[in-house]
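Please read the structure below before turning to the comments.
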Amino acid sequence: MIDAASFASQLVSAERAGLDRQYQTQQTLAQNKITAYQSLDTKVGALDSILTTLADSKNLNATTTSMSQDGFFTASTSNGATAASYTVEVSKLAQAHRVGLDFASETWTAPTTGNLNIDLGGTSMDLDLSTLPAGATLVDLRDAINSAADNPGVQASIIRTGSNVKLVLNSEQTGAANTINMTLSGGSGTEYTELDTAIGASTQLTAAQDAEFKFSGIDIVSSTNKIEDVVDNLTLELTQTNAGNPVTLTVNRDDDSISDNLQSLVDAYNGIIDEIKGTTLSEDASYVALSGDATARTLSTQLRNAFFDLPSGTYLSDLGLEFDRYGKLTLDKDKLSDSLDADPNLLDTMLLASDGLVTQLAAKVEPYSKSSGIFDDKVSTLNDEIERINDKTEQLNLRMENTYQRYLLQFTRMNELESQMQQTSSLFNVSS
């Protein structure tokens, strides 16, 4: 007797082994290509992102600041600031208005009749004192001012001076125009009179004041100490006066930032080249996913050519760039700095012109990096191929199941015949 199921299974396994290997190999090859294309797509996407950054001229003209003396103001630039030198002489700092009202104690009873108007630079609030709780104190009045929906930007606080307390109103905005004025109307009673008296006797603790300074000899007045509109892409924060002692402010080209941006381009390009080499070339003749792939080779050629098809009269070395013997880009930062010293507009000319490097690279990359681009199409085609292989595998499984059942039936019948023959033989043996 034979094991019918085992024999049937062994025959089916032997029969399908060749197709199983073929389908598995085809599926592995397709999946490896998908992985390679997706990895290459990621590298190209990184280059595309950097090209988008470099396409903004401001990112190619980064600047930094330095001052002949510290402590009088801070300065910062955004990309695109013009390299230049200025003098800054601060005679006045902008101040916020502060006024104080004297009271005997913070438990002073506040009036609950009348209306308190607080005006800040022409914008005012009206506090209906009847909305204060019964037995309201100076603390309640302070809180009501601070929480008023129409508060124009006045912060109230209580300061204890030892012998009495002050209700201090502080403008949240600096500048001479932002003065605080208070008026009381429509009420009566002792507490109302006391508040009216305190308002009338209020003292100015800090005057509302504009900042005044000279910028390269030009008189400038500002309501704030943050100066953002004197020179494009330059911000000053005035912190201390230096009348008669002007400070020189220098806006310099930020070579480190510019070099970092170009180094990002170099790294992104080299990343693509490494990826292409890793998926198309093998030093030991072993299998690689994109061996002989025309798409990868075409991309490599197109990108490299862009570095040599530059605006007339310019050379890659002007940017401090060159290719090494392995086809990788390198950046000489010192040479780049020297070139920019000789021609401050070099980056705009070589990178952003219609035939500039960034413009050309972006055009080469776009068919690959865009949605439903070349790589997406390749991956989609390979996924379709894998689906067809899966369909073939399912069809093979169905055929082999039928084959298995046929073999199983044949071996089962053989076992039955053998059993019958053994029974017949045993009868002859008994007769003899």
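Assorted remarks:
- Positions within the stretch 131-147 being touching a strand residue (DSSP E or B) at 6+ places or on another chain (Cβ under 9 Å) and either more than 22 Å from Thr179 (Cβ to Cβ) or surrounded by 14 or more Cβ atoms within 10 Å (Cβ to Cβ) (or both), in sequence order: Gly135, Ala136, Thr137, Leu138, Val139, Leu141, Arg142, Asp143, Ala144, Ile145
- Pairs, first modelled with pLDDT under 95 and of a type in the set (S, T, N, Q) in the stretch 93-109, second part of a strand (DSSP E or B) and surrounded by fewer than 20 Cβ atoms within 10 Å (Cβ to Cβ), C-beta under 6 Å, six or more apart: Thr107/Thr137
- When the criteria are applied in full, Leu299 meets the requirement of being surrounded by 17 or more Cβ atoms within 10 Å (Cβ to Cβ), in a helix (DSSP H, G or I) and in contact (Cβ under 8 Å) with a residue 24 or more places away in the chain.
- Scan of the stretch 395-429 for residues that are more than 21 Å from Ser13 (Cβ to Cβ) and either within 60 Å of the chain's Cα centre (by Cα) or at pLDDT 85 or above (or both), ordered by number: Arg413, Leu417
- All of (1) more than 17 Å from Lys43 (Cβ to Cβ); (2) touching a strand residue (DSSP E or B) at 6+ places or on another chain (Cβ under 9 Å); (3) without any contact (Cβ under 8 Å) to a residue 40 or more places away in the chain hold for Leu346 with one exception: (2).
- Subset of the stretch 129-172 [within 17 Å of Gly114 (Cβ to Cβ) and among the β-branched types (Val, Ile, Thr)]: Thr131, Thr137, Ile145
- Residue satisfying condition, being in contact with a Phe, Trp or Tyr (Cβ under 6 Å, 6 or more places away or on another chain), of a type in the set (D, E, K, R) and surrounded by 17 or more Cβ atoms within 10 Å (Cβ to Cβ), within set Lys364, Lys378: Lys378
- Qualifying residue in the stretch 199-222 (condition: part of a helix (DSSP H, G or I) and either within 30 Å of Val99 (Cα to Cα) or not assigned by TED's automatic domain parsing to the domain that holds Asn164 (or both)): yes
- Failed condition for Asp341, given (1) at pLDDT below 95; (2) surrounded by 14 or more Cβ atoms within 10 Å (Cβ to Cβ); (3) among the acidic types (Asp, Glu): (2)
- Some residue of the stretch 224-232 being of a type in the set (Val, Ile, Thr), surrounded by fewer than 14 Cβ atoms within 10 Å (Cβ to Cβ) and in a strand (DSSP E or B): no
- Scanning the stretch 21-66 for residues that are of a type in the set (D, E, K, R) and in a helix (DSSP H, G or I), we see that the one that is modelled with the lowest pLDDT is Lys58.
- The single condition among (1) exposed (fewer than 13 other Cβ atoms within 10 Å of the Cβ); (2) of a type outside the set (D, E, K, R); (3) in a helix (DSSP H, G or I) that Ser354 does not meet is (3).
- Any hit, the stretch 139-158, residues being under 22 Å from Thr107 (Cβ atoms), of a type in the set (Lys, Arg) and more than 45 Å from the chain's Cα centre (by Cα): no
- Entry remark, the stretch 82-133: residues being in contact with an Asp or Glu (Cβ under 7 Å, 6 or more places away or on another chain) and not in a strand (DSSP E or B) number 5 in total.
- The stretch 342-351, residues that are farther than 15 Å from Asp309 by Cβ and either part of a helix (DSSP H, G or I) or of a type in the set (D, E, K, R) (or both): Ala342, Asp343, Leu346, Leu347, Asp348
- Looking across the stretch 46-82, the residues that are surrounded by fewer than 15 Cβ atoms within 10 Å (Cβ to Cβ) and small (Gly, Ala, Ser) come down to Ser49, Ser57, Ser66, Ser68, Gly71, Ser76, Ser78.
- So Asp140, is it in a helix (DSSP H, G or I) and assigned by TED's automatic domain parsing to the domain that holds Gly175: yes
- Put simply, of Lys370, Lys392 the only residue that is of a type outside the set (S, T, N, Q), modelled with pLDDT under 90 and surrounded by fewer than 16 Cβ atoms within 10 Å (Cβ to Cβ) is Lys370.
- Look at (1) more than 30 Å from Ile220 (Cα to Cα); (2) crowded, with 18+ Cβ neighbours inside 10 Å; (3) under 42 Å from the mean Cα position of the chain (by Cα); (4) aliphatic (A, V, I, L, M) and you find that Leu116 fails only one, number (3).
- Pairs with Cβ under 7 Å, 6+ apart, first in the stretch 357-376 and under 22 Å from Val266 (Cβ atoms), second of a type in the set (Asp, Glu): Gln360/Asp309; Val365/Asp48; Ser369/Asp48
- Subset of the stretch 331-343 (residues that are touching a residue at least 40 places away in the same chain (Cβ under 8 Å) and of a type in the set (Gly, Ala, Ser)): Ser337
The values are calculated or read from the model by the stated rules, or taken from the named source; none is laboratory data. Note that the coordinates shown come from a computational prediction; the quantities given were computed from them, not determined experimentally. We place every Cβ from the backbone using ideal geometry, glycine too, and count neighbours over all the protein chains shown.
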